[in-house]
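Undergrad: Structure below; questions to follow.
Every read-out reported here was derived from the displayed coordinates using simple, explicitly stated rules and does not represent laboratory data. Remember, predicted model here, so these are calculated numbers, not experimental data. Neighbour counts are summed over all protein chains in view; Cβ atoms, including those assigned to glycine, are modelled from backbone coordinates with ideal geometry.
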Amino acid sequence: MANTKEIVTKAVIGKTKKSFTDTFDVTIDQSVNNVLGCWIINHNFKGYNNNGKVDINGSYDVNVWYSFDNNTKTNVIVKTYTYNDTVNVKLKEEESLSDNHDIMVRSLKAPSVDDAIVDDHTIKLTIQRELGVEVVGDMLVRINTIDDFEEYEDDDLDIDVKENFLEGVNQK
């Protein structure tokens, strides 16, 4: 006899990924000759429900190593940039996003500087990043269970035990 049981569990009910391009200008006190390197650290972000869409607030630090004074001196400037992006996540089974859902945001591609153009006292940066968003909600799962089953009796087990199994084995 089979019965159906219901289990309430957390499950991913919607997910998406999106690429972003940010452009920033870094203004420097002296005239820049060359950009020697750019790197991004401290990328932090969090997703929130905003009227059925996911808002992602984040920030990262951009470090720019540059030369100046006719390429005789170098310096590193650090700027913190913030962003606010909105992502539409299609949910399964015609649900709508609510505050009861958990929003998980992951960095699929860490922010990286794609281009750095020098224009006298300004460095124009193009930064690429990719984020993945998952919405987790309650899901009802139905499973079939078997309530009636036969118990094994001790007499039903047919095991052939050899009592003198170790006789004749060379023991030290």
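Undergrad: Inside segment 24-96, counting only strands (runs of 3 or more DSSP E) that do not spill past its ends, which hold 2 or more residues that are of a type in the set (Ser, Thr, Tyr)?
TA: 53-68, 73-87
Undergrad: May I pose another question? Quick check on this structure: which one of Asn84, Asn49, Asn88 is over 23 Å from Lys10 (Cβ atoms) and touching a strand residue (DSSP E or B) at 6+ places or on another chain (Cβ under 7 Å)?
TA: Asn84
Undergrad: Out of all the residues in segment 21-54, which are closer than 25 Å to Val76 by Cβ, out of contact with any Pro (no Cβ under 7 Å at 6 or more places or on another chain) and crowded, with 16+ Cβ neighbours inside 10 Å?
TA: Asp22, Val26, Ile28, Val32, Asn33, Val35, Cys38, Phe45
Undergrad: Go through the residues of segment 55-68 one by one and say whether even a single one is more than 25 Å from Ala110 (Cα to Cα) and surrounded by 12 or more Cβ atoms within 10 Å (Cβ to Cβ).
TA: yes
Undergrad: Another one. Here are Gly47, Gly37: which of them is of a type in the set (Gly, Ala, Ser) and farther than 28 Å from Ile117 by Cβ?
TA: After applying the criteria, what remains is Gly47.
Undergrad: Another question, then. Identify, please: which residue in segment 69-104 is in contact (Cβ under 8 Å) with a residue 12 or more places away in the chain and acidic (Asp, Glu) and is, among those, surrounded by the most Cβ atoms within 10 Å (Cβ to Cβ)?
TA: Filtering first and then ranking leaves Asp85.
Undergrad: Same structure again: Within the group Gly52, Gly47, which residue is under 22 Å from the mean Cα position of the chain (by Cα), touching a residue at least 60 places away in the same chain (Cβ under 8 Å) and more than 14 Å from Tyr81 (Cα to Cα)?
TA: Gly47
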